[in-house]
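**Q** Below is the structure I would like to discuss, written out as structure tokens.
Coordinate-derived values only; no laboratory data. Values in this document were obtained by computation on a predicted structure and should not be read as measured data. Cβ placement follows ideal geometry from the backbone for every residue including glycine, while neighbour counts extend to all protein chains displayed.
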Amino acid sequence: MTKISMTVNDKAVSRDVPDNTLLVEFIRENLRLTGTHVGCDTSQCGACVVHVDGKAIKSCTTLAASVDGATVTTVEGLANGKELHPVQQAFKDNHGLQCGFCTPGMIMSATDMIARYQASGEELTEAAIRHELEGNICRCTGYHNIVKSIQDAAAKMANA
Ligand code: FES
Ligand code: FES
């Protein structure tokens, strides 16, 4: 067993867990934050994406012990009280989801993507969005409305 401590969605948390506990297990089973999904377990689908120290990572292939002390944000930590994060709002406004299984990972990847492009000043084109989403699989939407949602959120965040 190992004692793991981290800050998750602005709250300090600490749990004793087996050494081989994955970050996604720590989040879902120990912290009961089930918005982060598991679709494949093999680092392909992106349903498990969370932010660790501000960067999007796949939590199904990250050991919880390897991010001991980190700051983690899950999809539950994005909204500001009842006010949705602009990326969440854009997915809602542009019908960027159907079953919703991939959506938490899509939203966490999108927020990281928009922040990186806005920090670098590089234009987040439709082609760039589609390329960036290669690590996130959606079985329902055909991606078109997901891309539209990200374009909408990026435009609104640029003007904020
Ligand atoms: S569950 Fe992590 S990439 Fe699919
Ligand atoms: S909305 Fe169903 S998998 Fe993407």
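**Q** For the stretch 2-77, with only Lys/Arg (+1) and Asp/Glu (-1) charged at the beta-carbon, what is the dipole magnitude about the Cα centre, in debye rounded to 20?
**A** Computed about the Cα centre, the dipole is about 100 debye.
**Q** May I ask you to compute the full-extension gain from C140 to R116, defined as 0.36 nm times their residue separation minus their alpha-carbon distance, rounded to one decimal in nm?
**A** Roughly 6.0 nm would be gained on extension.
**Q** Now for a different question. Report, in whole Å, the centroid distance computed from the Cα atoms of the stretch 49-73 and the stretch 126-145.
**A** Measuring centre to centre over Cα atoms gives 22 Å.
**Q** Mean separation of Cα pairs under 8 Å and 6+ residues apart, divided by the residue count of the stretch 86-158: what relative contact order is that in percent?
**A** In percent, rounded to a whole number, it is 57.
**Q** Would the chain count as rounded, prolate or oblate if I go by the C-alpha gyration tensor, calling it rounded below 1.5 in a/c and otherwise prolate when a/b exceeds b/c, oblate otherwise?
**A** prolate
**Q** Determine, for the chain, the count of lysine pairs separated by eight or more sequence positions (or lying on different chains) whose alpha-carbon distance falls under 20 Å.
**A** Lysine pairs, 8 or more places apart or on different chains, close enough: 8.
**Q** To check my understanding: the extent here is largest minus smallest coordinate of the Cα atoms along each principal axis. What are those three numbers for the stretch 57-108, in Å, largest first?
**A** 38, 24, 12
**Q** Please state, rounded to one decimal and in Å, the Kirkwood hydrodynamic radius that the stretch 2-77 gives when every pair of distinct Cα atoms enters the mean of 1/r.
**A** On the way: mean 1/r = 0.0837 Å⁻¹.
Computed over Cα pairs of the stretch 2-77, the Kirkwood hydrodynamic radius comes out at 12.0 Å.
**Q** Same structure, new question: How large is the charge dipole for the chain, taken about the Cα centre, if only the Cβ atoms of Lys, Arg (+1) and Asp, Glu (-1) carry charge, to the nearest 20 debye?
**A** Dipole size: approximately 300 debye.
**Q** On to the next question. Against the empirical 2.2 N^0.38 Å scaling, what ratio does the C-alpha Rg of the stretch 86-158 come to?
**A** So the Cα radius of gyration is 0.98 times the expected 2.2 N^0.38 Å.
**Q** Which order do peptides 28-35, 148-155 fall in by mean Cβ count within 10 Å, highest first?
**A** 148-155, 28-35
**Q** May I ask you to order 124-131, 56-63, 83-90, 39-46 by the average number of other C-beta atoms within 10 Å around their residues, highest value first?
**A** My ranking of the peptides, most packed first, is 56-63, 83-90, 39-46, 124-131.
**Q** Then there is this: Sequence gap at least 6, Cα distance under 8 Å: using those rules, report the relative contact order of the chain to the nearest whole percent.
**A** On the way: 273 pairs, mean separation 38.7, N = 160.
Relative CO of the chain lands at 24 percent.
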